[in-house]
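Let me give you the structure first, and then I'll get to my questions.
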Amino acid sequence: MRQVLRRYAVAVMAALACWVVTARTASAETLVVHGSTTFTSNLIIPYQADIEALAGHRLEVVPSRSNLGLLALLAGKADLAMISSPLETEVDLLSKARPDLPWDRLHGFLIHRTRVAFAVNPENRLRSANAAAMRRVLSGEIDNWKQLGGPDLPINVVAPAEGGGVVLSIEKEMLGGQRIAPRHPVIVEFGPLVAPAVARDPAALGLAQLGEVQRHKLPELMLNILIEQQLFLVTLGEPTPAMDAVIDAARSVATGQLD
């Protein structure tokens, strides 16, 4: 009799476990997350599986730029946007071209903070500069590495196209909101392309994501100030329960793995 009861109990437990797994799978959603490659390289590439496991939902990730993520969100092509500068900074820039869009319905949720890296080619032995000199480089007043104590080469400033969080953070924190205007700009489409461009060019200065610089093992030009990037997830209107779960999971992973 005891064996029968024990077998019955085991069967019931197995059935309950199967039901729980089935229920969780059935309730799982797939959310499209679009935007910043800084956010992607810091959190999604290394920790997507952890975020999905904690949230109980799957993520379909489209890396691009912060501005493209917000536009995809507003167009109904994404459930969440990833941005790597404050939401108000992005909105101030984008709303000038598209004042018709419902910018006031966007809600930003801070997930993590990182910093901008100023990457140089390994052949360039210069490793430090002051912020005042860097402002002059980015405004076009200084255009040769020799003026900073480096080699006699033009400073080729490699940066992602307009709308990326790296450049917006630099413009806000270093230039008082003024646009960068280096004498020798090299524009790449997306942030992850900055580090490979710097690796190919001894004269390059890359305005880059810290994670990408470290991944490509490039040296940094260290300044006497830090330029912070804030990583946000953004929703259109109030977040759904599934979106809330992803936001909470991303924060938990960032706190546990990156802080």
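The values are calculated or read from the model by the stated rules, or taken from the named source; none is laboratory data. Just so you know, these numbers come straight off a predicted model, no measurement behind them. Note: ideal-geometry Cβ built from the backbone for every residue, glycine included; neighbour counts use all protein chains shown.
What single numbered condition from (1) assigned to a helix (DSSP H, G or I); (2) farther than 22 Å from residue 35 by Cβ fails to hold for residue 151?
(1) is the only condition that residue 151 fails.
Looking only at helices (runs of 4 or more DSSP H) that lie completely in the stretch 162-259, which have at least 3 residues being at pLDDT below 95 and over 23 Å from residue 46 (Cα atoms)?
Correct list: 165-173.
Report, ordered by the first and then the second residue, all pairs with beta carbons closer than 8 Å, sequence separation of six or more or different chains, a first member in the stretch 199-217 that is closer than 17 Å to residue 147 by Cα, and a second member that is among the aromatic types (Phe, Trp, Tyr).
203/145; 205/118
What do you reckon, is residue 193 among the hydrophobic types (A, V, I, L, M, F, W, C), touching a residue at least 24 places away in the same chain (Cβ under 8 Å), over 30 Å from residue 30 (Cβ atoms) and assigned by TED's automatic domain parsing to the domain that holds residue 119?
Judged against the criteria, residue 193 is not a match.
What helices (runs of 4 or more DSSP H), lying completely within the stretch 29-142, carry at least 2 residues that are touching an Asp or Glu at 6+ places or on another chain (Cβ under 8 Å) and within 30 Å of residue 154 (Cβ to Cβ)?
66-74
Looking at 80, 68, 31, 74 in this structure, which one is more than 22 Å from residue 161 (Cα to Cα), buried (at least 18 other Cβ atoms within 10 Å of the Cβ) and hydrophobic (A, V, I, L, M, F, W, C)?
Just one listed residue meets the conditions, 31.
Checking residue 134 against (1) surrounded by fewer than 21 Cβ atoms within 10 Å (Cβ to Cβ); (2) touching a strand residue (DSSP E or B) at 6+ places or on another chain (Cβ under 9 Å), only one condition comes out false. Which one?
Tallying (1) surrounded by fewer than 21 Cβ atoms within 10 Å (Cβ to Cβ); (2) touching a strand residue (DSSP E or B) at 6+ places or on another chain (Cβ under 9 Å), residue 134 fails exactly one: (1).
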